Amino acid sequence: YEVMPDTEMSVRQGYASHSDYLQCYGFGEVFATFTAPSTLDHRYLHEDVGMGLVFFSSLGQLINVPTPGSDALITLGNILSGVDYKAQGKKTVETLGINGLTIEQIRCLLHNGELPSSG
């Protein structure tokens, strides 16, 4: 699997004719039809904050890594949407069943799809 900048991938996939970021996304023919949501009550905000940032924050707590940026954005998302995303807890280490695992166990689970055997 070759890792490359997303603009370069867009050119290869036929979505853009320039790998320059502004030319690709600002003026690219395919991307010109994309529009932003007309309201903050939108799945982009709800999913990114409620399922992405809240998860990162809960994972940080589990492994003792501060997540001040994520926490600040969660608070901002709560204010903008009127939704308490942490209280909803839709995607956390608890809901994924990994609360209490060690970093090594999580790493093994991610790499192998299963927890290490205890033998």
Chymotrypsin sites (Phe, Trp or Tyr not before Pro) within region 1-63: DSSP coil, no more than 16 neighbouring Cβ in 10 Å
1, 15, 34
Debye calculation, C-alpha points only, no solvent: report log10 I(q)/I(0) for the chain at q = 0.10, 0.13, 0.16 Å⁻¹, in the same order as the q values.
-0.51, -0.78, -0.95
With the 8 Å Cα cutoff and a minimum separation of six or more residues, the chain has a relative contact order in percent of 17 percent
Running a GNM on the chain with Cα contacts under 10 Å, which residue among 95, 33, 75 ends up with the highest mean-square fluctuation?
33
State, to one decimal in nm², a quarter of the convex hull surface area for the C-alpha atoms of region 54-119, i.e. the direction-averaged projected area.
5.0 nm²
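All of the numbers you see were taken from the coordinates with simple rules; none came from a lab. Every value quoted in this text rests on a predicted model; they were computed, and no experiment measured them. As a convention, Cβ positions derive from the backbone with ideal geometry for all residues, glycine included, and neighbour counts pool all protein chains shown.
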